[in-house]
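S.K.: This is the structure, below, for whatever I ask next.
The values are calculated or read from the model by the stated rules, or taken from the named source; none is laboratory data. Keep in mind that this is a model prediction, so the values were computed, not measured. Because the Cβ atoms are built from the backbone with ideal geometry, glycine has one as well, and the counts that use them run over all protein chains shown. Areas reflect the complete protein model, heavy atoms only, side chains present, ligands, DNA and RNA absent. Shrake-Rupley method; radii C 1.70, N 1.55, O 1.52, S 1.80 Å.
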Amino acid sequence: MRTIKIALAAALALSAFAAAAQTIKIGFITSYSGLNGNLGPYMERAVRLYIKEHQKELPPGVKIELITRDDTGPNPDKARQLAQELVVRDKVNLLAGVVFTPNALAIAPIATEAKVPFVIMNAGTAVITTRSPYIVRTSFTLWQSSYPLGEWAAKKFKTAYTLVSDFGPGHDSEEAFGKAFTAGGGKIVGAVRAPLQNPDWAAYMQRVKDAKPDCLMVFIPAGKTATAVMKNFADLGLKDAGIKLIGPGDITTDEELPNMGEVALGVITVHHYSAAATRPANKQFVADWKKEFGQNETPNFLSVGSWDGTALIFEMIKQQKGKLDAERSIEIAKQWRFDNSPRGPISIDPETRDIIQPEYLREVKKEGGHLANVEIETLGTAVKDPWKELQKKK
Ligand code: PHB
């Protein structure tokens, strides 16, 4: 009898604890395999590091459970299936992550149907945020980098060639750059789209070389592809021919710089994040990253999108004291400002749920014996997605 009483009391105490304790489940989908499968960990590590450093700020009894899934690269069918399982079976409170645009677009209808907020921490095609009222983006759009790049390039060069991966963000980069470059008086002498998987870079580089443009603007998804582009640019003699390589920061992604070698020196990019930035918030972020993951490890822009996305999720949880309501979470996101991002002050545009952030002109230089994206000019401190701004004017 006595044992039964003790057992009952223990069970009651446990259930009382369970009622007070609240677990927020985040369904985190990213790429751990397939094309650029090395990128997933740059996102997951950032989320885990943010949680580790900030979990003491959560309301008492609230815990975060991160449920990670591999979408195997640009694979919308897989992404859709994973999101569905996370929502239906795991009953996640939030969806987050995603390197690739096709995957984000495939998940959007699930977020809408299930009324689950979806925090996009990388995928950068402008249109994505229009596909669900439950999407908030803490990464970037390709228009945010490629449009100011086009404006800058028009002041330096007469002719440009564009070479982009043939999918959403590539099309955006090509269009944004082309629009700004021609509006500034430049001429696009060639525009080519390469397949996302296994393109013959040497053949494309030869075509560009034959066209003799002043500059070549490239977009490819960050990761190993960036190094392949760099290598072919050098091997086919475009650098020696005096063609300037420029692009959004995806082509000089921080973690690949050590693999690129001297050819990357002098490459000009526009982007919101460089691991070499000297802002105190970034120095702290990079130092914490190295301490946690190793002195030779470097965060990249996918890490920062994920770090800031986690900061936003914390804000949702804190303001709602651990009880998440989807509509309320999105309202909180729309009001969100974060002055302490490693990239500088950011906020969410309440009209579009897309990020507003600084954009920097950078040059690859050697710093302390290593290649680095050195910020040389701030092109804008609060840049909204130019695609959406131009749509409004139509
Ligand atoms: C995307 O699919 O939206 C994407 C992927 C890699 C990048 C940028 C954008 O570097």
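S.K.: R0 = 22 Å: FRET efficiency of Asp77 with Asn198, Cβ-based, nearest 0.05?
M.R.: 0.65
S.K.: Moving on to the next point. Would the stretch 42-130 count as rounded, prolate or oblate if I go by the C-alpha gyration tensor, calling it rounded below 1.5 in a/c and otherwise prolate when a/b exceeds b/c, oblate otherwise?
M.R.: Taking the square roots of the gyration eigenvalues as a ≥ b ≥ c, the stretch 42-130 is prolate.
S.K.: Further question: Is the C-alpha gyration tensor of the stretch 312-394 telling us rounded, prolate or oblate? Criteria: a/c under 1.5 is rounded; beyond that, a/b larger than b/c is prolate, otherwise oblate.
M.R.: Because a/c hits 1.5 or more and a/b fails to exceed b/c, the stretch 312-394 counts as oblate.
S.K.: Here's something else I'd like to know. Taking the Cα centroid of the stretch 313-355 and of the stretch 77-114, what is the distance between the two, rounded to the nearest whole Å?
M.R.: So the separation of the two Cα centres works out to 20 Å.
S.K.: Additional query: Does the stretch 238-394 come out rounded, prolate or oblate by the C-alpha gyration tensor, with a ≥ b ≥ c the root eigenvalues, rounded set by a/c under 1.5 and, if not, prolate when a/b is larger than b/c and oblate if not?
M.R.: Because a/c hits 1.5 or more and a/b fails to exceed b/c, the stretch 238-394 counts as oblate.
S.K.: Using just the helices of the chain, give the 222 nm mean residue ellipticity in deg cm²/dmol: DSSP H runs with n ≥ 4 each add -39,500 (n - 2.57), and the total is spread over all residues, rounded to 500.
M.R.: For the chain, the value works out to -13500 deg cm²/dmol.
S.K.: How many Å³ per residue does the convex hull of the Cα positions in the chain occupy?
M.R.: Per-residue hull volume (Cα only) is 139 Å³.
S.K.: Also, quick follow-up: Which cross-chain or sequence-distant (5 or more) residues have an amide H under 5 Å from the amide H of Ala191, H modelled 1.01 Å from N in plane?
M.R.: Thr162
S.K.: Could you pull out the pairs from Lys155/Lys244; Lys187/Lys392; Lys155/Lys179 whose alpha carbons sit more than 18 Å apart here?
M.R.: Lys187/Lys392
S.K.: Could you please report the charge total around Glu377, scoring K, R as +1 and D, E as -1 over all other residues with beta-carbon less than 14 angstrom from its beta-carbon?
M.R.: After counting each charged neighbour, the total is 0.
S.K.: Let me ask something additional. Measuring with a 1.4 Å probe in the full set of protein chains, what accessible area per residue, in whole Å², belongs to the chain?
M.R.: So the chain comes to 41 Å² accessible per residue, rounded to a whole number.
S.K.: Could you name the aspartates and glutamates whose alpha carbon sits less than 20 Å from that of Lys393, not counting residues in the same chain fewer than 8 places away?
M.R.: Hits, sequence-local ones excluded: Glu151, Asp172, Glu175, Asp349, Glu351, Asp354, Asp385.
S.K.: Let me ask something additional. Over 17 Å, how big is the tail of the calculated P(r) for the stretch 32-85, in percent of all Cα pairs?
M.R.: Cα-Cα pairs of the stretch 32-85 separated by over 17 Å account for 50 percent.
S.K.: How would you order 77-89, 270-282 from highest to lowest mean count of nearby Cβ atoms within 10 Å?
M.R.: Most protected by this proxy first, the peptides run 270-282, 77-89.
S.K.: Okay, moving on. Within straight cross-link reach of Lys56, meaning Cα distance under 27 Å, which lysines are found once same-chain residues fewer than 8 apart are removed?
M.R.: Cross-link targets: Lys25, Lys91, Lys283, Lys290, Lys291, Lys318, Lys321, Lys323, Lys334.
S.K.: Next up: Which percent of the accessible heavy-atom area of the chain goes to carbon and sulfur, probe 1.4 angstrom?
M.R.: Whole-percent figure for carbon plus sulfur exposure: 53.
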